[in-house]
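Visitor: Below is one structure. I have some questions about it.
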Amino acid sequence: MSGILKPGVIRQRFQNMRLSRMLIISSCVFTLPIAILLFYMISGFNRNIDTARREMVGVELMRPVVNGLRGLATHDDLVIRFLDGETGTASEINAAERDVTSALQELVRVSNGPGTGMMTGSGITPDQLLAQWSVFQGSWRSLSPHDRIQRHIALLSVLRVMIRRIGSESGLYLDPDLDSYCVMDLAMRIIPGSLATMHDTQHICQEAAENPTDSIRIRTRLESAATTLHLTGITDVQSGIAQAISADSAIYGISPILQSTLPVHLASYLEGTQQFIHSLDAVSTSGDPVTALKGASNNGTGAIESGVRLWLASLDGLDDLLSIRVGRFAGQRLIALLLSFGALLIACAMVFSIARMITKPLHRVTRIATHIARGDIRRAMIEMRDCKLRRMMSFDGRTDHSSNNEIIQLAYAVDTMTVSLQSLLTQVQSSTQLVLEATGQIDSSSRQLETTVVEQAASSNQVNTTTHEIAATAADLATAMGTMTMMGATAVGHADKGAQSLDEIRETVHNLIASVEVINNRLSLINTKTAAISEVIVTITRVSNQTNLLSLNAAIEAEKAGEFGAGFAIVAREIRRLADQTSIAALDIEETINDMQNAVREGVEGVREYAEQAGKGSAKIEAISGDISGIIESIRAIEPEFERVNEGAQTQSQSAAQITEAIAQLAVSTRHTKDSLLEFRGVTSRLSDAVQGLQSEIARFTVAEEVEAE
Amino acid sequence: MMVLVFTANGQSYGIDIGRIHEVVTLVALRRLPHAPDCLAGLMDYHGSIVPVLDATLLIEERQSKPLLSTRIIIVRRKTDDNETHYVGLLAEGVTETVTCDDESIRPLQVRVADAPWLRELADAGGGPVQLIDVDSFVEHRVPESLLS
């Protein structure tokens, strides 16, 4: 338990509560004193109302007491008149007894009903009083005048005591308000006092009428009684009523009963009292004191009656004032309750609406932040857009980005942040993509570079070996040079001999060609001749043809000539035969010529071929001769060249050594290059890792496809 | 009878010399536009225009080759107005005349509708010679209107 109640834990629990719950707790805490104050205020009102109600009960109790007192006074007067022998009083006495009984019964009822507990305690209760009255009622005829008067006075005093009890028990004596207090004072003290004085004075008159002997004492007593009456009956009452009427202010409302009825009753009361006082004064100057006393007593009854009416009127006025006060208090209580509860409800509604105004945007902002934290920027943008739309609708399109409301400011800030985040992430995504591509390219190109470097190293190695070979070759070359010089000299000797033989061959070939030329000429001559013969043959053939034709025509003419043409026909026949023979011979010659021509052609062909071959051979010999001369020349020219070659070979060896050195340096630098390439690749791989890490981080976020134009 | 022999289709054909006016060498013939193929052309024979028909085409449906032995046979044609018109026949192998005995002339025993000009078959020293009727040969494939 103590663990829960530790202040740190409580504060933590309070901080972690929802806002609405916090507000509920706060409003509960606020409501508590308000409720307490309200309770006290209402209970105050209730107390005032109860006090007034209690006083009204007191007034209700007073009425039967007044009626009782009036009844008793009337009864006493009637009894005296009855005992004096006045007629017609018996029924009046019965009526008066009935009035008293009913008044006392009323008193009992009220004291047992609304006025429960007021009349209990020490002293005589209304039930007991009723019992005493019943006893008196039944027994006054049989009592001695002294006892009867004592009993009467006892009953009266009980009632008077009851007045005091009512006044104190019901709280009338402690009436808090001035206007009702004045009326209460009137009804509870002044008027009963004056009525008691009147009653006592009446008793004095009655007593004096019974025993008229001691006139001075009577007179003194009457004078003092008159003075007292004047004081209490008139002055006090007047001033009391005046005070009451003047005090009847508008705090609780002017009582119409008080204002209208009291002065009327007061007027009649004053009249009656004045009359009574006058009659009292007249007694001392009257000649017939007994009658005067009796008349005074009668006036007294009238005064008492008017006093009782005034008393009842004042009680009514008091009751009215009290009911007005009750009404006022009840109204105030109702207004207070309505206002308080209304204000409370309004306050609660306002608190809740404020809480909603705070929590709703906060919830939205929380949702957006959660989406962003989860990486779902797209959802965050959708939330933002929806809320923006709703907000736009509520603001009639006024896109005012400034607001005094801190929550709305926060919402705007979050929206701006979301949009910026969205654009930032999009950019970062694209940038990382580009960087990754670039690193990939760098990596591949560096790998290519590496392979190139490796190849370079390999080729430089090759060059190295090649230079070694070159050096070796140069040395070999130098030794070979010496051998070659020797062999060169021998070759020159051989070549000279060869040149001579070649010359001889050339001569022979030239002769051959010349003879071939001759043969060619002869053959072409034959060809020309045969061509001429062919021409002749053609001519012969033509002639033969013409002859044949001629013979034909001759034959035809011969036939036409008939027998005369027989010899001609023979001639024609012979001509034809001649033509035929000629053509045959011509054909034979042509054949022979053809054969000859073929033979000649073949011969020419053969000779040509032969000449061709000879020509080719001659050309070849020329070439060979030229070559051999060239060889000789070059062999002759070799010797200086050998020197140069020797020198060159030496230079080559030196260069080879230089190349080897350079190659070694190249190899070293290639190694350096390879190392730096490796380093470079390491760097790019690290960069790639970093970018991939960033990308994977960013991949958590899902970005919206299109970007809103603000 | 004496017959002038020419070759066509690898065989010898003969024309009665009595109908022949002359044999001339092959000359350049003037060709006529839109003339039938058998009309080889026109030749100038002693100042007059003579139409020349190609006998080889008429027999063998092949144009005559311009050999030395290819000659033009000028024949006489009888017309209704009793005037002699000459027609030339271009033929190959026109080199000899043969004399046929009457006993060696035998009738053909067959009729060829497309060659109504075939007459008898004569036997000369060198082999059989198909005799030809000049008129029908000339007029067979050539309409009358062509030869005025």
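The values are calculated or read from the model by the stated rules, or taken from the named source; none is laboratory data. All values derive from a computational prediction rather than experimental measurement. Ideal geometry is used to build each Cβ from the backbone, glycine not excepted, and the neighbour counts take in all protein chains shown. The area values use the complete protein model at the heavy-atom level, side chains included, leaving out ligands, DNA and RNA. Shrake-Rupley method; radii C 1.70, N 1.55, O 1.52, S 1.80 Å.
Visitor: Is there a residue in the range B:33-52 that is within 14 Å of chain A (Cβ to nearest Cβ), at pLDDT below 90 and surrounded by 12 or more Cβ atoms within 10 Å (Cβ to Cβ)? Step through it out loud before you land on a result.
Guide: To start, the set of residues in the range B:33-52 that are within 14 Å of chain A (Cβ to nearest Cβ) comprises B:45-46.
Now restrict to residues that are at pLDDT below 90: B:45-46.
With surrounded by 12 or more Cβ atoms within 10 Å (Cβ to Cβ) added as a condition, the list becomes B:45.
Checked the range B:33-52: at least one residue is within 14 Å of chain A (Cβ to nearest Cβ), at pLDDT below 90 and surrounded by 12 or more Cβ atoms within 10 Å (Cβ to Cβ).
Visitor: Another question, then. Look through the range A:665-696, keep the residues that are exposed (fewer than 13 other Cβ atoms within 10 Å of the Cβ) and under 16 Å from A:Gln433 (Cβ atoms), and return whichever of them is nearest to the chain's Cα centre (by Cα).
Guide: Out of the qualifying residues, it is A:Ser696.
Visitor: Checking the conditions here, which among A:Val351, A:Val435, A:Val453, A:Val419 is at pLDDT 85 or above and over 11 Å from the mean Cα position of the chain (by Cα)?
Guide: Criteria check complete, one pass: A:Val435.
Visitor: Being over 19 Å from B:Ser48 (Cβ atoms) and either within 14 Å of another protein chain (Cβ to nearest Cβ) or within 19 Å of the chain's Cα centre (by Cα) (or both) is the filter here; which residues of the range B:88-104 pass it? Before the answer, list the steps.
Guide: Here is the first cut: in the range B:88-104, the residues over 19 Å from B:Ser48 (Cβ atoms) are B:91-104.
B:Ala91, B:Glu92, B:Gly93, B:Val94, B:Thr95, B:Glu96, B:Thr97, B:Val98, B:Thr99, B:Cys100, listed by residue number.
Visitor: Here is a list: A:Ser501, A:Ser460. Which entry is part of a helix (DSSP H, G or I) and surrounded by 14 or more Cβ atoms within 10 Å (Cβ to Cβ)? Step through it out loud before you land on a result.
Guide: Working: A:Ser501 fails: surrounded by 14 or more Cβ atoms within 10 Å (Cβ to Cβ).
Of the residues listed, the single one that is part of a helix (DSSP H, G or I) and surrounded by 14 or more Cβ atoms within 10 Å (Cβ to Cβ) is A:Ser460.
Visitor: Given the criteria closer than 30 Å to A:Met381 by Cα, of a type in the set (S, T, N, Q) and in contact (Cβ under 8 Å) with a residue 40 or more places away in the chain, does A:Gln695 qualify? Spell out the reasoning first.
Guide: Details: closer than 30 Å to A:Met381 by Cα: yes; of a type in the set (S, T, N, Q): yes; in contact (Cβ under 8 Å) with a residue 40 or more places away in the chain: yes.
Judged against the criteria, A:Gln695 is a match.
Visitor: If you don't mind, another one. Of the numbered conditions (1) open to solvent by less than 80 Å² (accessible area, probe 1.4 Å); (2) closer than 19 Å to A:Glu591 by Cα, A:Asn520 satisfies every one except a single condition; which is it?
Guide: Result: A:Asn520 passes all but (2).
Visitor: Further question: For the range B:98-131, which residues satisfy the criterion of being surrounded by 15 or more Cβ atoms within 10 Å (Cβ to Cβ) and in a loop (DSSP other than H, G, I, E, B)?
Guide: Within the range B:98-131, B:Cys100, B:Ile105, B:Trp117 qualify.
Visitor: A further question follows. Are any residues in the range A:189-208 farther than 21 Å from A:Val66 by Cβ and open to solvent by 50 Å² or more (accessible area, probe 1.4 Å), and if so, which ones?
Guide: Going through the range A:189-208, the residues farther than 21 Å from A:Val66 by Cβ turn out to be A:204-208.
Residue satisfying the conditions is A:Glu207 alone.
Visitor: Any idea how many residues of the range A:602-622 are open to solvent by 70 Å² or more (accessible area, probe 1.4 Å) and without any contact (Cβ under 8 Å) to a residue 24 or more places away in the chain? Explain how you work it out, then say what you get.
Guide: Kept after step one, since they are open to solvent by 70 Å² or more (accessible area, probe 1.4 Å), are these residues of the range A:602-622: A:602, A:605, A:608-610, A:612-613, A:616, A:620, A:622.
Then drop every residue that is not without any contact (Cβ under 8 Å) to a residue 24 or more places away in the chain, which leaves A:602, A:605, A:609, A:612-613, A:616, A:620.
Within the range A:602-622, residues that are open to solvent by 70 Å² or more (accessible area, probe 1.4 Å) and without any contact (Cβ under 8 Å) to a residue 24 or more places away in the chain number 7.
Visitor: Return only the number of the condition from (1) modelled with pLDDT of 85 or more; (2) closer than 30 Å to A:Arg379 by Cβ that A:Gln665 does not satisfy.
Guide: Among (1) modelled with pLDDT of 85 or more; (2) closer than 30 Å to A:Arg379 by Cβ, A:Gln665 violates only (2).
Visitor: Please go through the range B:71-87 and give me each residue that is open to solvent by less than 60 Å² (accessible area, probe 1.4 Å), away from chain A (no Cβ under 14 Å) and of a type outside the set (A, V, I, L, M), ordered by number.
Guide: The initial filter retains those residues of the range B:71-87 that are open to solvent by less than 60 Å² (accessible area, probe 1.4 Å), namely B:71-75, B:77, B:79, B:85, B:87.
Retained after the next criterion (residues that are away from chain A (no Cβ under 14 Å)): B:77, B:79, B:85, B:87.
Passing the criteria: B:Arg77, B:Thr79, B:His85.
Visitor: Take the residues of the range B:6-27 that are in contact with a strand residue (DSSP E or B) (Cβ under 6 Å, 6 or more places away or on another chain) and more than 14 Å from chain A (Cβ to nearest Cβ): which is surrounded by the most Cβ atoms within 10 Å (Cβ to Cβ)?
Guide: B:Tyr13
Residue-by-condition table, conditions (1) within 14 Å of chain B (Cβ to nearest Cβ); (2) part of a helix (DSSP H, G or I); (3) surrounded by fewer than 16 Cβ atoms within 10 Å (Cβ to Cβ):
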| residue | (1), (2), (3) |
| --- | --- |
| A:Thr528 | no, yes, yes |
| A:Ile537 | yes, yes, no |
| A:Ser544 | yes, yes, no |
| A:Ser551 | yes, yes, no |
| A:Ile556 | yes, yes, no |
| A:Glu559 | yes, yes, no |
| A:Phe564 | no, yes, yes |
| A:Arg577 | yes, yes, yes |
| A:Asn598 | no, yes, yes |
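Visitor: Scan the range A:643-654 and give yes if some residue there is of a type outside the set (Asp, Glu), within 30 Å of A:Lys529 (Cβ to Cβ) and surrounded by 12 or more Cβ atoms within 10 Å (Cβ to Cβ), otherwise no. First the steps, then the outcome.
Guide: Going through the range A:643-654, the residues of a type outside the set (Asp, Glu) turn out to be A:644-646, A:648-654.
Narrowing further to those that are within 30 Å of A:Lys529 (Cβ to Cβ): none.
No: the range A:643-654 contains no residue that is of a type outside the set (Asp, Glu), within 30 Å of A:Lys529 (Cβ to Cβ) and surrounded by 12 or more Cβ atoms within 10 Å (Cβ to Cβ).
Visitor: Go through the residues of the range A:209-222 one by one and say whether even a single one is open to solvent by less than 10 Å² (accessible area, probe 1.4 Å), in a helix (DSSP H, G or I) and within 25 Å of A:Ser323 (Cα to Cα). It would help to see each step written out before you state the result.
Guide: Going through the range A:209-222, the residues open to solvent by less than 10 Å² (accessible area, probe 1.4 Å) turn out to be A:222.
If we keep only those that are in a helix (DSSP H, G or I) as well, we get A:222.
Subset that is within 25 Å of A:Ser323 (Cα to Cα): none.
Looking for residues that are open to solvent by less than 10 Å² (accessible area, probe 1.4 Å), in a helix (DSSP H, G or I) and within 25 Å of A:Ser323 (Cα to Cα), one finds none in the range A:209-222, hence no.
Visitor: Continuing with the same structure: Can A:Ala585 be described as crowded, with 16+ Cβ neighbours inside 10 Å, in contact with a helix residue (DSSP H, G or I) (Cβ under 9 Å, 6 or more places away or on another chain) and assigned to a helix (DSSP H, G or I)? Let's see the steps before the verdict.
Guide: Values: crowded, with 16+ Cβ neighbours inside 10 Å: no; in contact with a helix residue (DSSP H, G or I) (Cβ under 9 Å, 6 or more places away or on another chain): yes; assigned to a helix (DSSP H, G or I): yes.
So A:Ala585 fails the test.
Visitor: I want to confirm something. Restricting to the range A:655-664 and keeping residues that are surrounded by 12 or more Cβ atoms within 10 Å (Cβ to Cβ) and among the polar types (S, T, N, Q), which single residue is farthest from A:Thr485 (Cα to Cα)?
Guide: Here the answer is A:Thr660.
Visitor: I'd like the full set of residues that are within 11 Å of chain B (Cβ to nearest Cβ) and either out of contact with any helix residue (DSSP H, G or I) (no Cβ under 7 Å at 6 or more places or on another chain) or surrounded by fewer than 18 Cβ atoms within 10 Å (Cβ to Cβ) (or both), limited to the range A:566-575. Outline the logic, then answer.
Guide: Step one: of the range A:566-575, the residues within 11 Å of chain B (Cβ to nearest Cβ) are A:569, A:572-573.
A:Arg573 - this is the single residue of the range A:566-575 that is within 11 Å of chain B (Cβ to nearest Cβ) and either out of contact with any helix residue (DSSP H, G or I) (no Cβ under 7 Å at 6 or more places or on another chain) or surrounded by fewer than 18 Cβ atoms within 10 Å (Cβ to Cβ) (or both).
Visitor: Moving to a separate point now. Go through (1) open to solvent by less than 60 Å² (accessible area, probe 1.4 Å); (2) touching a helix residue (DSSP H, G or I) at 6+ places or on another chain (Cβ under 9 Å); (3) within 13 Å of another protein chain (Cβ to nearest Cβ) and name the single condition B:Leu58 misses.
Guide: Evaluating B:Leu58 over (1) open to solvent by less than 60 Å² (accessible area, probe 1.4 Å); (2) touching a helix residue (DSSP H, G or I) at 6+ places or on another chain (Cβ under 9 Å); (3) within 13 Å of another protein chain (Cβ to nearest Cβ) leaves (3) as the failure.
Visitor: Just one of the numbered conditions (1) closer than 16 Å to A:Leu321 by Cβ; (2) open to solvent by 60 Å² or more (accessible area, probe 1.4 Å); (3) in contact (Cβ under 8 Å) with a residue 12 or more places away in the chain is not true of A:Ser260; which one?
Guide: (3) is the only condition that A:Ser260 fails.
Visitor: Let me ask you something else. Residues A:Thr541, A:Thr485: which one is in contact with a Phe, Trp or Tyr (Cβ under 8 Å, 6 or more places away or on another chain), among the polar types (S, T, N, Q) and either more than 30 Å from B:Val24 (Cα to Cα) or touching a residue at least 40 places away in the same chain (Cβ under 8 Å) (or both)? Don't jump to the end; show me each part of the working.
Guide: Details: A:Thr541 fails: in contact with a Phe, Trp or Tyr (Cβ under 8 Å, 6 or more places away or on another chain).
When all the criteria are applied, what remains is A:Thr485.
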